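First up is the structure itself, then whatever we jot down about it.
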Amino acid sequence: MVTALLALLLAGQDAAAAAPGPVEVEIGVAGTAEVPAQGYRVSGYFFAPGVSPEEAGAQVASAKTAAVAAIRPLGPIDQPVCAPDPYKLGFVGNEAVGGPDPDTQDADEPVVPQFETYQAVFRDRQSAERAAAALRQAGARNIQGPSGVLFDCAAARRAAQADALTRGRPDAEAYAQQLGLRVLGVRRIVQSSGDNPLESLQLAMTTQAVPAPANKVRFVVPVKVTYLLDR
């Protein structure tokens, strides 16, 4: 995911050869780091289609209760996960989703969940694998994991930031060569906040394009680096 915008627009080789300096070139790159997992997450959802809301709610509640009872002895932990992030694409964790909207539903009409997601985090992979089996046994769908997670992202973030600078430099060198200039250094660095939905989607696609190795977490930092080119 590399894009570049030249601050000075030049047309043709003759113009490029005569390019004055300094020139700024902005390189967008996703710095990545693969670090050991600090925990493991499993998830799935319970769904009961084709029946009345009451029957569906009862089926979903029964299946989820059975799964939770089977998973509890495995020692799920309640600790915030800093990565991988769900990228704000709609995953709702342990909450009920789907069914009637409580904001538009009549007050006397009960809200019966027909679709519920479940996720749990464990310290070790073996417990997470057994939890995934328990979800499957309880009838959960779309079971994901075990997948590695991080509780402390500081070291991974620094490694990904360094990787972004390493990845961006060759592109800046290529632009400099075409213009008959050289890279003097970095002028500006802007790291994405992750609040932009499109950037979040692109980040998710970049991260998930190739699965991380077993027992590893791929941490990605989108960065825009502006390099200064001159003679």
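Some points to look at:
- Applied to the stretch 221-231, the Karplus parametrisation 6.51 cos²θ - 1.76 cosθ + 1.60 on θ = phi - 60° returns per-residue 3J(HN,Hα) values of 10, x, 9, 10, 10, 9, 9, 9, 10, 7, 7 Hz, with x for Gly and Pro.
- Projected area, mean over directions - the stretch 32-85, Cα convex hull, nm²: 5.8 nm²
- Taking amide H positions as modeled 1.01 Å from N, with prolines and chain starts lacking one, the residues under 5 Å from Gly31 and 5 or more places away or on another chain are Ala164, Val221, Val223.
Each reported figure results from applying straightforward, stated rules to the coordinates on display, with no laboratory input. Predicted model, so just to flag it, every value in this text is computed and none were measured.
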